[in-house]
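Below is one structure; the comments refer to it alone.
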């Protein structure tokens, strides 16, 4: 028997030291949220909250996760190896910016009586940010290609 088989928790199989505490903390937070929703049912509307949670869970499992898998597979098949990392990072950053800015771009919460609500051109600004993300990705790719040529 070699040394590796005697020590099942080596570098390749580290012990999940934080798993149990994180699991307990996560369930405590979930329990607190459920208790708060039920005890403040006038404000929280538990049934509507449950409908939203199930809807978002289904949207994630049936739309978002498969879409991420397909995009990841396409990047792995189409993009050269030196560019895969920057392209994956740019895809992830673009998706996050789009998801988080969607309510602003759609101008949800706009009030005609309040000129300070949503005063910026969020669609244009989102396009600028995504352009900058891909510009940085392109710069990283160019740098990688040049450094590979010199070695």
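No value in this document is a laboratory result; all are computed from the given coordinates. Here the structure is a predicted model, which is why all the values come from computation and not from measurement.
Key figures for this structure:
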| read-out | value |
| --- | --- |
| Relative contact order for segment 81-151, counting Cα pairs under 8 Å that sit 6 or more residues apart, in percent | 48 percent |
| Value of relative contact order over the chain, rounded to a whole percent, pairs C-alpha under 8 Å and six or more apart | 18 percent |
| (1) 13.9, 40; (2) 17.8, 69; (3) 23.1, 77, with the label sought being that of the calculated Rg and Dmax of the Cα atoms in Å | (3) |
| Highest-fluctuation residue, 48, 89, 22 considered, GNM on the chain with Cα pairs under 10 Å | 22 |
| Over the chain: helical MRE at 222 nm, DSSP H runs n ≥ 4 each giving -39500 (n - 2.57), nearest 500 | -24500 deg cm²/dmol |
| Gaussian network model of the chain, Cα within-10 Å springs - most flexible of 128, 29, 20 | 20 |
